[in-house]
Amino acid sequence: MDDKAQIQEAIKTQGEVVRKLKSEKASKEQIDEEVAKLLQLKARLGGDDGKHQFVLKTAKGTRDYNPKQMAIREKVFKTIISCFKRHGAETIDTPVFELKETLTGKYGEDSKLIYDLKDQGGELLSLRYDLTVPFARYLAMNKITNIKRYHIAKVYRRDNPAMTRGRYREFYQCDFDIAGQYDGMIPDAECLKIVYEILSELNLGDFRIKVNDRRILDGMFAVCGVPDDKFRTICSTVDKLDKMSWEDVKKEMVNEKGLSEEAADQIGEYVSMQGGMDLAERLLQDQKMSQSKQACAGLSDIKLLFSYLQLFQVTDKVVFDLSLARGLDYYTGIIYEAVLTQAGVAPVPAEAQNGAPAEESVSVGSVAGGGRYDGLVGMFDPKGRKVPCVGVSIGIERIFSIMEQKAEASAEKVRTTEVQIMVASAQKNLLEERLKLVTELWNAGIKAEVMYKKNPKLLSQLQHCEESGIPLVAILGEQELKDGVVKLRVVATREEVDISRADLIGEIRRRTSEA
């Protein structure tokens with residue numbers, strides 16, 4: 001009993017915490033977190049009959065998708081897959097979990113975000129963190145030296161997600177990779193062309209594709225006086241420049257990572273540079289940069305890349321940006337990231353209007369990223385045989401968040417089914433005739449539906465069509481059956497025509513293909 005009183009007291013206190021946060025207009029994540037705690041306390045209390053009560057919620061960092069959201073998502077997938085296929089890709093699938101050792105040591109500082117599965121006396125397993133490492137394992141295991149493949153599947157990260165901005169713990173990745181020994185920068189340029197095509201086709205708003213090279217970064221670190229053993233950790237810090245100011249990044253480099261102030265300032269000069277082929281040419285002449293063989297090789301490749309990007313007609317959106325680092329350890333050459341500069345969706349939130357940075361309202365961050373990883377397959381190959389690879393990952397969840405917002409903002413109705421015609425009856429006792437007709441339509445490959453009632457009212461059948469966006473209704477009545485016709489009604493205009501049974505399928509196809 002004492003325990004129950006304690007829980008009730010805790011519920012009261014937690015309730016006050018939630019109310020306070022709401023009155024202070026705290027962030028949704030913060031409120032949701034405290035509400036979850038409150039619900040858990042209430043569940044511990046149980047119902048009046050002493051039974052344990054369930055907490056009905058999805059796990060942190062996950063979500064359900066309702067039919068409307070799924071319809072939008074399917075449309076996005078369709079656009080992406082048709083682009084991958086247009087570029088000649090085939091597809092594969094791999095298990096959702098891998099041996100823990102397969103994933104260990106491939107992600108730098110992000111390795112702490114890997115979900116390890118409980119040891120149940122078998123193999124030590126982890127949920128996949130991305131689709132690239134499983135792909136490299138697949139190539140090495142099957143001794144594949146060239147393939148152009150796409151893979152769309154869910155991945156898992158023990159992140160603290162900002163779900164409002166399309167970040168989750170379980171989310172889809174859409175990857176396109178080209179593996180094989182090819183001439184420099186041709187497949188790399190095609191990956192950027194693919195990003196350009198997908199983002200343009202999805203019509204998300206203005207975007208930029210930032211490009212850099214790991215060798216340029218490493219060369220820059222070397223000439224700026226970063227010790228070799230600090231390259232990767234400093235790289236992870238530079239990668240935060242899209243989320244933090246240079247002052248904060250510098251502070252982390254100097255105070256947490258132990259870099260000298262002088263080296264940090266020199267890095268600061270370089271990472272503020274942006275341009276195109278001209279910047280690559282300028283840096284090749286740069287007194288410091290030209291001392292690094294690595295940096296020069298990277299800069300020459302950037303020049304070559306831009307020459308191909310001109311032929312692919314995408315240079316209007318691509319920028320060579322020395323601050324781009326991408327935190328993953330496996331990149332060896334060119335790296336790139338696409339960011340939306342204007343999502344063109346939601347109005348500016350209140351906090352941005354009140355003098356806080358308005359950036360948040362228009363930037364959903366990165367919507368695609370990738371690069372060259374020539375050493376990853378070799379890590380898995382017993383003989384260390386390397387398979388050069390370059391690829392791109394489309395940030396489907398973020399894109400999906402934006403598409404969802406757009407659908408909310410526009411009054412346009414999202415159809416969640418593809419039914420072309422409803423088979424309806426105007427009188428009673430016609431269930432058998434309706435079922436016969438709907439079977440004829442299904443057998444002909446027409447998407448059709450019938451109401452699950454013996455004698456439905458005509459009005460409720462028509463209302464269902466209007467609500468679901470079904471464009472046509474085939475109405476059966478005694479007279480129509482006698483005359484061997486069907487009354488075809490167009491839902492939008494309410495126009496009705498008698499069509500003979502023999503011509504019905506052709507007429508439905510003609511009308512729905514026009515729509």
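The values are calculated or read from the model by the stated rules, or taken from the named source; none is laboratory data. Keep in mind the model is a prediction, meaning the values are calculated, not measured. Backbone-built Cβ (ideal geometry, glycine too); neighbour counts: all protein chains shown. The accessibility values were calculated without ligands, DNA or RNA, using every heavy atom of the protein model including side chains. Shrake-Rupley method; radii C 1.70, N 1.55, O 1.52, S 1.80 Å.
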Checklist line | When residues of the range 362-383 are limited to those that are assigned to a loop (DSSP other than H, G, I, E, B) and open to solvent by 10 Å² or more (accessible area, probe 1.4 Å), the one nearest to A89 (Cα to Cα) | finding: D374
Notebook entry, point to check: Here are some conditions: (1) among the aliphatic types (A, V, I, L, M); (2) closer than 30 Å to R137 by Cα; (3) open to solvent by 30 Å² or more (accessible area, probe 1.4 Å). V55 meets all but one. Which one does it not meet?
Noted result: (2)
Notebook entry, point to check: In the range 152-164, is there at least one residue being open to solvent by 10 Å² or more (accessible area, probe 1.4 Å) and over 20 Å from the mean Cα position of the chain (by Cα)?
Noted result: no
Next item on the list: Sort out which residues of the range 467-491 are among the aliphatic types (A, V, I, L, M), in contact with a strand residue (DSSP E or B) (Cβ under 7 Å, 6 or more places away or on another chain) and over 15 Å from L441 (Cβ atoms), and write them in order of number.
Entry: V485, V490, V491
Notebook entry, point to check: Restricting attention to the range 205-253, which residues are out of contact with any strand residue (DSSP E or B) (no Cβ under 9 Å at 6 or more places or on another chain), surrounded by 15 or more Cβ atoms within 10 Å (Cβ to Cβ) and not in a helix (DSSP H, G or I)?
Noted result: C224, V226
Notebook entry, point to check: If you scan the range 464-515, which residues turn out to be among the acidic types (D, E) and either closer than 13 Å to I421 by Cβ or touching a Cys at 6+ places or on another chain (Cβ under 6 Å) (or both)?
Noted result: E507
Notebook entry, point to check: Can you spot a residue in the range 402-423 that is surrounded by 17 or more Cβ atoms within 10 Å (Cβ to Cβ) and more than 30 Å from E74 (Cα to Cα)?
Noted result: no
Item checked: Search result, residues across the range 169-186 that are at negative phi and open to solvent by less than 10 Å² (accessible area, probe 1.4 Å) -> C174, D175, F176, D177, A179
Notebook entry, point to check: Do we find a residue being out of contact with any Gly (no Cβ under 6 Å at 6 or more places or on another chain), over 23 Å from Q6 (Cα atoms), in a helix (DSSP H, G or I) and basic (K, R) anywhere in the range 55-72?
Noted result: yes
Next item on the list: Tell me which residues, restricted to the range 456-515, are hydroxyl-bearing (S, T, Y) and surrounded by 11 or more Cβ atoms within 10 Å (Cβ to Cβ).
Entry: S460, S468, S500, T512
Next item on the list: Determine the pairs where a residue that is over 11 Å from L324 (Cα atoms), located within the range 259-273, has a partner that is among the basic types (K, R) and surrounded by fewer than 18 Cβ atoms within 10 Å (Cβ to Cβ) with Cβ atoms under 7 Å apart, the partner being 6 or more residues away or on another chain.
Entry: L259/K230
Next item on the list: Could you please find all residues in the range 88-107 being surrounded by 15 or more Cβ atoms within 10 Å (Cβ to Cβ) and either in a strand (DSSP E or B) or under 20 Å from the mean Cα position of the chain (by Cα) (or both)?
Entry: A89, I92, T94, F97, E98, Y107
Next item on the list: Could you tell me whether S126 is open to solvent by less than 70 Å² (accessible area, probe 1.4 Å), free of Cβ contacts under 8 Å to residues at least 24 places away in the same chain and within 25 Å of the chain's Cα centre (by Cα)?
Entry: no
Check: Within the bounds of the range 111-123, is there any residue that is at pLDDT 90 or above, open to solvent by 30 Å² or more (accessible area, probe 1.4 Å) and within 20 Å of G369 (Cα to Cα)?
Finding: no
Check: Do you know which residues across the range 277-328 are under 22 Å from G225 (Cβ atoms), open to solvent by 30 Å² or more (accessible area, probe 1.4 Å) and part of a loop (DSSP other than H, G, I, E, B)?
Finding: Q285, D286, Q287, K288
Note to self: With the structure loaded, tell me whether E256 is under 24 Å from V314 (Cβ atoms), modelled with pLDDT of 85 or more and open to solvent by 20 Å² or more (accessible area, probe 1.4 Å) or whether it fails that test.
What the structure shows: no
Next item on the list: Take G333 and decide whether it is buried (at least 18 other Cβ atoms within 10 Å of the Cβ), in contact with a strand residue (DSSP E or B) (Cβ under 6 Å, 6 or more places away or on another chain), within 14 Å of F221 (Cα to Cα) and at pLDDT 90 or above.
Entry: no
Note to self: List the residue pairs whose Cβ atoms are under 7 Å apart, where the first residue sits in the range 52-81 and is within 15 Å of M403 (Cβ to Cβ), the second is among the basic types (K, R) and in a loop (DSSP other than H, G, I, E, B), and the two are 6 or more positions apart or on different chains.
What the structure shows: A71/R415
